[in-house]
């Protein structure tokens, strides 16, 4: 079997149950794919952290006043 693609490794990170039997057995015995999986996992965690922002602060009174001003324009 060929080495697992980046897409398969990413899918494995996102949903480990999505892997087939052949993919699992290859991964279990292939240090190269295991190393690449670690890099893919690290990248995925960094990307998730970069997009993990809290909700924007909201001021409902200010938003309502702005909406009224635009409507009354």
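Nothing in this text is a laboratory measurement; each read-out follows from the coordinates by a stated rule. Source: prediction; values computed, not measured. Note that we place each Cβ from the backbone using ideal geometry, even for glycine, and neighbour counts take in every protein chain shown.
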### Query
So which residues in region 13-52 are in contact with a helix residue (DSSP H, G or I) (Cβ under 7 Å, 6 or more places away or on another chain), under 17 Å from residue 3 (Cβ atoms) and either outside any helix (DSSP H, G or I) or in contact (Cβ under 8 Å) with a residue 24 or more places away in the chain (or both), if there are any at all?
13, 19, 26, 33, 36, 37, 40, 41
### Any chance residue 70 is surrounded by 10 or more Cβ atoms within 10 Å (Cβ to Cβ), part of a helix (DSSP H, G or I) and on the phi < 0 side of the Ramachandran plot
no
